[in-house]
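Let me begin by presenting the structure, written as structure tokens, before commenting on it.
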Amino acid sequence: MIKAATLLAQEEGANPLLPHTFELVVGIFSFLVVLLVVGKILVPRIQKTLAERTDAIEGGIKRAEEAQAEAQNLQRQYAQQLEEARREAGRLREEAREQAAQIKAELREEAQAEARRLVEAAHAQIEADRAAAFAQLRTEIGRLSTELAGRIVGESLEDEARQSRIVDRFLDELEGSNAQAVR
């Protein structure tokens, strides 16, 4: 077969390695058309698509960085608000303790004042009861003394003025002797 191809090529008189001029012109023209179509239509579209993808990627990265910065900012704000809330809660607890101590002191003072008032009222009542008992006792002692003195003397001491003087003198002497015994 090689012999047949060599014979065919010699008959035509041309070099088989060189293309025909017509094929060469058509090839160059086709190459230029393809180059023009690719250069004018496809390359701008490809560049546009690549630019859009680059912008999308860079924009996504930028948006992610902005979102991360915003998240960190919000986290700092929340931490500050939390710290402020803790301080406020501590301040409120301290105020409540102070108010409780103040109320406790006020109630203690009121209770002590009420106790003093009750003690004073009891003392006053005791003093009034003592005075009433003393007056009643004085009257009873006077009556009994007069009756006893009347029996001893043998005469009636019914006269009120005389009876009163005798009772007063007797009680004065009795109080005087009690005062000396106490000292």
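The values are calculated or read from the model by the stated rules, or taken from the named source; none is laboratory data. Please read these numbers as outputs of a predicted model, since none were measured by experiment. Side chains are part of the model used for accessible areas, which takes the heavy atoms of the whole protein and leaves out ligands, DNA and RNA. Shrake-Rupley method; radii C 1.70, N 1.55, O 1.52, S 1.80 Å.
Considering (1) within 16 Å of the chain's Cα centre (by Cα); (2) open to solvent by 70 Å² or more (accessible area, probe 1.4 Å), the lone condition that residue 117 does not fulfil carries the number (1).
When 131, 149 are screened for being modelled with pLDDT of 80 or more and of a type in the set (A, V, I, L, M, F, W, C), only 131 passes. Going by the structure shown, is residue 160 modelled with pLDDT of 75 or more and not hydrophobic (A, V, I, L, M, F, W, C)? So residue 160 fails the test.
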